[in-house]
Each structure stands twice: as C-alpha cells, then as structure tokens.
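**Student:** Sharing a structure below in structure tokens format, with a few things to ask.
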Amino acid sequence: MSAEPLMEPVMTQDPIDLLIAIEEASVAPIRPEYVEGTVIVPPQPDYNHSKGAVKLTVQLHMAGLDLAGMGMGFRAAHQDGSTMALVIPDFYVLRREPTELDSSYLKVHKGWYPIDMVTLVGEVTSTNHAVDTGAKLATYAAVDIPVYVLINRNTKTAHCYTDPVLPGDDPTEAYYRTDTKVTLGDPLPLPAPYPTLDTAPFVTD
C-alpha cells in the first residue's frame, strides 16, 4: 500500500515569529535573517567589516544621498503575500523616507520594513560569504532592487550588480545581468546618481 503524497506545506509558522523565537532563545544578542527558506545567523562582524561598511555609508552621504543608512531590517514577500526573505543589509540607500504606511507595515511585521523602500543595497562578506554571493544576490534581484554593491573579502573583489532579472516565478533563479567588478583597493564605479566608491578601506595587510 502506498502513502498519499503530503500536499500541505510543512512549515506554517511565519518566519518572522521563528526569528523572534530564535532571538529570545539566544544567550548572546543576535538578529537572524531568513533567505530562501533558511534561517541565517550572521557572525559578529569584525573590525575591518564594520569600519569598511561605515566608510562606504559615509561616502554615500558625502555624495548627497541623505537616505543612505545601516541597521534596518527589510521584508520581501512572495506574490501571495507570504514572507520570502528577511534581510538586514550592511548598508543601503532608501528611495523614500518611511511613510505612515511604511510605519504601519513595520508594526504589523514586527520590526521589518518593506523592501521596496530600498533602491541600493550593499553587503560586505564575512565567513559566510556564500550567502551574500548566492542566496542574497538572488533575493535582491528577485525583488528588483536596481543596484547591489558587494564587497567580497574572500575573493578580494568589489562588485556593482545592476539590471536585475527574474526569468520565471522562482525567486531563487533571479540574477543581475551586469556585474562591474574591480579589485579591492580600486575605485568601484556605480551608476548615476551614485558616486564612485573608494574600496581602499577593505585592503588589509
């Protein structure tokens, strides 16, 4: 006798509630993320990671991008409204100040803003560099964020990804058509209205 296939989704808990439970269970302060169905607990950033991310954010501010920032969490949703991803970029540029609607969204989704507020997103790799170069890249492309800046300390390269493409309905297959790549230490050109970024802060002996 053969068993009937299981048709109901295995996980019915909202990923937001799952992350809250993980945070509350941890003895150390953490803020996990959720990408491609997987909970990610980022390692504590080291000094060079934090210093470099701050310096990039300052460069964006100095170029007149007052909505550049760090530290906020964003939620991406599937077409049916369910949670696709919960991410906390190392730095970003918003397309708008949070509106009253955004603030209501933040309250409903327990601390996560809508990801459509973001027009440029940036990540600096840590020991889990495969997340930033794989799952997060696909997520940012799937939700049509125009510019993804990646500082890959593993390969000692800096990237400006543009022209996001979602070839079908599967967000894990999304990608960026254009990758402008330089060696860390070299200037990284970004599209207008963004400045060319100095990546020298990430060069270590």
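**Student:** On the accessible surface of segment 66-125, probed at 1.4 Å, how many percent belong to carbon and sulfur atoms?
**Tutor:** After summing per-atom areas, the C and S share lands at 53 percent.
**Student:** Dipole size in debye (nearest 20) for the chain around its Cα centre, Lys and Arg Cβ +1, Asp and Glu Cβ -1?
**Tutor:** The dipole of the chain has a size of about 700 debye.
**Student:** Please list, in order along segment 142-157, the HN-Hα scalar couplings obtained from phi with the Karplus expression 6.51 cos²θ - 1.76 cosθ + 1.60 (θ = phi - 60°), rounded to whole Hz, x for Gly and Pro.
**Tutor:** Calculated HN-Hα couplings, in order: 4, 9, 6, 6, x, 10, 10, 9, 10, 9, 9, 6, 6, 9, 6, 10 Hz.
**Student:** Further question: Taking θ = phi - 60°, what integer Hz values does the Karplus form 6.51 cos²θ - 1.76 cosθ + 1.60 yield along segment 85-96, in sequence order, with x for Gly and Pro?
**Tutor:** Along segment 85-96, the couplings run 7, 10, 10, 10, x, 5, 7, 6, 10, 7, 8, 7 Hz.
**Student:** Continuing with the same structure: Let me spell out the model: positive unit charges on the Cβ of Lys and Arg, negative unit charges on the Cβ of Asp and Glu, origin at the Cα centre of segment 108-205. What dipole size does that give, in debye rounded to 20?
**Tutor:** Value, rounded to 20: 200 debye.
**Student:** May I ask you to give the solvent-accessible area per residue for segment 108-197, in square angstrom, as obtained with a 1.4 angstrom probe?
**Tutor:** 42
**Student:** Rounded to the nearest 10 degrees, what's the angle between the helix 47-62 long axis and the longest principal axis of the chain, both from Cα atoms, 0 to 90?
**Tutor:** The angle comes out at about 70 degrees.
**Student:** Taking H placed 1.01 Å from N in the peptide plane, check which residues at least 5 places from Leu184 or on another chain put their amide H under 5 Å from its amide H.
**Tutor:** Close amide H contacts, sequence-distant or interchain: Thr157, Ala158.
**Student:** In addition: Based on the alpha-carbon gyration tensor of segment 47-185 and its eigenvalue square roots a ≥ b ≥ c, which shape applies: rounded if a/c is under 1.5, prolate if not and a/b is larger than b/c, or oblate?
**Tutor:** oblate
**Student:** Tell me, what is the percent relative contact order of the chain, built from C-alpha pairs under 8 Å that lie six or more residues apart?
**Tutor:** Reported relative contact order: 15 percent.
**Student:** Moving on to the next point. For Gly73, which sequence-distant residues (separation of 5 or more, or a different chain) have an amide H within less than 5 Å of its own amide H, given hydrogens modelled in the peptide plane?
**Tutor:** Tyr113
The values are calculated or read from the model by the stated rules, or taken from the named source; none is laboratory data. It should be emphasised that the depicted structure is a prediction, and the values quoted were computed from it without experimental measurement. Positions of Cβ are generated from backbone atoms using ideal geometry, with glycine treated the same way; all protein chains shown enter the neighbour counts. We work out accessible area using only protein heavy atoms, side chains counted, and drop any ligands, DNA or RNA first. Shrake-Rupley method; radii C 1.70, N 1.55, O 1.52, S 1.80 Å.
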